[in-house]
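For reference, the structure is listed below as structure tokens.
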Amino acid sequence: METLQLTSIALELVIVAVALGIALKKGIAYGYGFALTFAIYVFYDLANLFSWEISVSVLQISFFVATLSALISILAVYKNKT
């Protein structure tokens, strides 16, 4: 099962790279939001996988920031496509 989790983390890192490419090369701001969201997911998943000594409140706040970032980014996508 650890292999599946590591594969998921690797895919999240690919998403970070693609989102940053969208933001930097195409100048589309919501790419930064998606990059932030998935970078936090990588941090969160690695912290859980390797049992890092990180307080629960830090993990909860980081997950909330990721969720908020995803929401703002998807609303930007919606706004630009309507």
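Sort out which residues of the stretch 49-69 are part of a helix (DSSP H, G or I) and within 16 Å of L13 (Cβ to Cβ), and write them in order of number. Talk me through it step by step, then tell me what you get.
So the first thing to find is which residues in the stretch 49-69 are part of a helix (DSSP H, G or I), and the list is 49, 56-69.
Once the filter is applied, which keeps residues that are part of a helix (DSSP H, G or I) and within 16 Å of L13 (Cβ to Cβ), the stretch 49-69 yields L49, A66.
Among the numbered criteria (1) of a type outside the set (S, T, Y); (2) modelled with pLDDT of 95 or more; (3) out of contact with any Phe, Trp or Tyr (no Cβ under 6 Å at 6 or more places or on another chain), which single criterion is violated by V16?
It is condition (3) that V16 fails.
Can you pull out every residue in the stretch 17-36 that is surrounded by fewer than 19 Cβ atoms within 10 Å (Cβ to Cβ), in contact with a helix residue (DSSP H, G or I) (Cβ under 6 Å, 6 or more places away or on another chain) and either over 16 Å from S69 (Cβ atoms) or among the aliphatic types (A, V, I, L, M) (or both)? Talk me through it step by step, then tell me what you get.
Looking only at the stretch 17-36, we keep the residues that are surrounded by fewer than 19 Cβ atoms within 10 Å (Cβ to Cβ), and these are 17-18, 20-29, 32.
Keeping just the survivors that are in contact with a helix residue (DSSP H, G or I) (Cβ under 6 Å, 6 or more places away or on another chain) gives 20, 22-23, 28, 32.
Residues satisfying the conditions are L20, I22, A23, I28.
Pairs under 9 Å by beta carbon, first residue on the phi < 0 side of the Ramachandran plot in the stretch 51-74, partner modelled with pLDDT of 95 or more and not in a helix (DSSP H, G or I), six or more apart or different chains?
Matching pairs, first to second residue: S62/I54.
For A47, state whether it is touching a Phe, Trp or Tyr at 6+ places or on another chain (Cβ under 7 Å), surrounded by 14 or more Cβ atoms within 10 Å (Cβ to Cβ), of a type in the set (G, A, S) and touching a residue at least 12 places away in the same chain (Cβ under 8 Å). Give the derivation first.
Values: touching a Phe, Trp or Tyr at 6+ places or on another chain (Cβ under 7 Å): no; surrounded by 14 or more Cβ atoms within 10 Å (Cβ to Cβ): yes; of a type in the set (G, A, S): yes; touching a residue at least 12 places away in the same chain (Cβ under 8 Å): yes.
Answer is no for this residue.
From the list I40, I74, which residue is assigned to a helix (DSSP H, G or I), touching a Ser or Thr at 6+ places or on another chain (Cβ under 7 Å) and not basic (K, R)? Show your work before the answer.
Values: I74 fails: touching a Ser or Thr at 6+ places or on another chain (Cβ under 7 Å).
Result of the check over I40, I74: I40.
Scan the stretch 1-35 residue by residue and report those that are hydrophobic (A, V, I, L, M, F, W, C), assigned to a helix (DSSP H, G or I) and farther than 21 Å from F50 by Cα. I'd like the intermediate steps shown before the answer.
Step one: filter the stretch 1-35 for residues hydrophobic (A, V, I, L, M, F, W, C), giving 1, 4, 6, 9-11, 13-20, 22-24, 28-29, 34-35.
Checking which are assigned to a helix (DSSP H, G or I) leaves us with 4, 6, 9-11, 13-20, 22-24, 34-35.
Of everything in the stretch 1-35, those that are hydrophobic (A, V, I, L, M, F, W, C), assigned to a helix (DSSP H, G or I) and farther than 21 Å from F50 by Cα turn out to be I15, A17, V18, A19, L20, I22, A23, L24, F34, A35.
The values are calculated or read from the model by the stated rules, or taken from the named source; none is laboratory data. Fair warning: this is a prediction, and the values are worked out from it, not measured in the lab. Reconstructed Cβ throughout: ideal geometry from the backbone, glycine too, with neighbour counts over all protein chains shown.
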